């Protein structure tokens with residue numbers, strides 16, 4: 001779990017340090033720097049992703065209702081891109097953080113020649129590495 005928060009914490013600490021150095025000369029600039037780096041920290045944190053599911057639970061739920069499963073990790077710009085472009089539809093997928101779930105990481109390595117390439121999206125049991133968000137949206141089952 002600490003691994004998932006390392007990058008956001010680094011962004012936040014850098015923001016605090018830079019803002020502290022520039023505060024005396026320009027408090028407004030320091031506030032903007034801190035705000036920007038705090039927003040970058042939040043964007044790279046697990047907070048912007050829907051509820052995280054374990055790999056086994058995601059497999060069970062996906063088989064039951066046909067939802068795609070997204071294997072991701074914090075700090076991945078491609079995962080963030082997918083999440084952002086899906087918008088509200090992101091809640092209709094199952095999300096597995098491979099840094100929190102070793103079984104999820106093993107699934108990703110198994111389909112990517114030993115690499116932890118994310119996002120890896122499973123639709124109907126077939127893996128798709130870094131698919132287009134529009135395609136992922138088209139694979140969603142109709143809302144209940």
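The numbers here are math on the coordinates, done by the rules we state, and not lab data. Because the structure is predicted, anything quoted here is derived from the model rather than measured. Please note: Cβ atoms are built from the backbone with ideal geometry, for glycine as well, and neighbour counts cover all protein chains shown.
Restricting to DSSP H runs of at least four residues, report the calculated mean residue ellipticity at 222 nm for the chain, -39500 (n - 2.57) per run over all residues, nearest 500 deg cm²/dmol.
The helix-only estimate for the chain comes to -16500 deg cm²/dmol at 222 nm.
Please arrange 136, 129 by counting, for each residue, the other beta carbons lying within 10 Å of its beta carbon, fewest first.
Placing the least packed residue first, the sequence is 129, 136.
Looking at the chain as a GNM with Cα springs under 10 Å, which of 26, 130, 112 has the largest mean-square fluctuation?
Greatest mean-square fluctuation among the candidates belongs to 26.
Please work out how much length the chain gains when fully extended from residue 65 to residue 89, using 0.36 nm per residue of separation minus the C-alpha to C-alpha distance, in nm with one decimal.
7.1 nm
Ranked by Cβ crowding within 10 angstrom, fewest neighbours first, how are 23, 49 ordered?
Listing 23, 49 from fewest to most nearby Cβ atoms yields 23, 49.
In a Gaussian network model over the chain where Cα atoms closer than 10 Å are linked, find which of 67, 126, 85 has the largest mean-square fluctuation.
Residue with maximal mean-square fluctuation among 67, 126, 85: 126.
Hey, in the GNM for the chain with a 10 angstrom Cα cutoff, which one of 83, 60, 92 fluctuates hardest?
Largest GNM mean-square fluctuation: 60.
Neighbour counts of other C-beta atoms within 10 Å: give me 99, 72, 135, 5 arranged from fewest to most.
Numbers: 99 21, 72 25, 135 11, 5 18.
Starting with the residue having the fewest Cβ neighbours, the order is 135, 5, 99, 72.
Would you kindly give the portion of the calculated P(r) for the range 2-47 that falls above 17 Å, as a percent of all Cα pairs?
32 percent
I'm spelling it out carefully: the read-out is mean projected area of the Cα convex hull in nm², the candidates are (1) 14.9; (2) 9.4; (3) 10.7, and one was derived from this structure. Which label?
(2)
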